[in-house]
1. Out of (1) among the β-branched types (Val, Ile, Thr); (2) within 24 Å of the chain's Cα centre (by Cα); (3) at pLDDT 95 or above, what's the single condition that is false for Ile71?
2. Among the residues of the stretch 28-63, write down those that are of a type in the set (Asp, Glu) and within 11 Å of the chain's Cα centre (by Cα).
3. Just need a number here: residues in the stretch 13-62 that are in a helix (DSSP H, G or I) and touching a helix residue (DSSP H, G or I) at 6+ places or on another chain (Cβ under 8 Å).
4. Among (1) of a type in the set (S, T, N, Q); (2) under 49 Å from the mean Cα position of the chain (by Cα); (3) surrounded by fewer than 10 Cβ atoms within 10 Å (Cβ to Cβ), there is one condition Thr3 misses while meeting the rest; what is its number?
Amino acid sequence: MDTPDNKFIVEKLHALDGKLDQLISVVVTKEEFHTLEERMSDLTHNTDRLVTAVDGLVKGYDDLRIEYVAIKYQLSRYERWFEELAKKTGVKLEY
């Protein structure tokens, strides 16, 4: 029987069916979720490795910077000594 009430119910059921299809298309399955978890775990592991590598580079840079400052200071001392020696011995230094 095609009564107006039945048509209304059928139309609403079709609309609901379409909405359920849309919902199902965006819902993640357990397998997809597990795959996402694995990928996130891998991403976290890779990020940790990158942070560790960057920390190592920063430490190396800091060590080189400290060594450079020490070498620069030592070179400055040598230059003063050479100037003092040149002055005492009468030798003219050329730069």
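1. Checking Ile71 against (1) among the β-branched types (Val, Ile, Thr); (2) within 24 Å of the chain's Cα centre (by Cα); (3) at pLDDT 95 or above, the one that fails is (2).
2. So the first thing to find is which residues in the stretch 28-63 are of a type in the set (Asp, Glu), and the list is 31-32, 37-38, 42, 48, 55, 62-63.
Listed by number, the list holds a single entry, Asp48.
3. So the count comes out to 0.
4. Evaluating Thr3 over (1) of a type in the set (S, T, N, Q); (2) under 49 Å from the mean Cα position of the chain (by Cα); (3) surrounded by fewer than 10 Cβ atoms within 10 Å (Cβ to Cβ) leaves (2) as the failure.
The values are calculated or read from the model by the stated rules, or taken from the named source; none is laboratory data. None of these values were measured; they are calculated from a predicted model. Quick reminder, even Gly has a Cβ in these numbers, built from the backbone with ideal geometry, and neighbours come from all protein chains shown.
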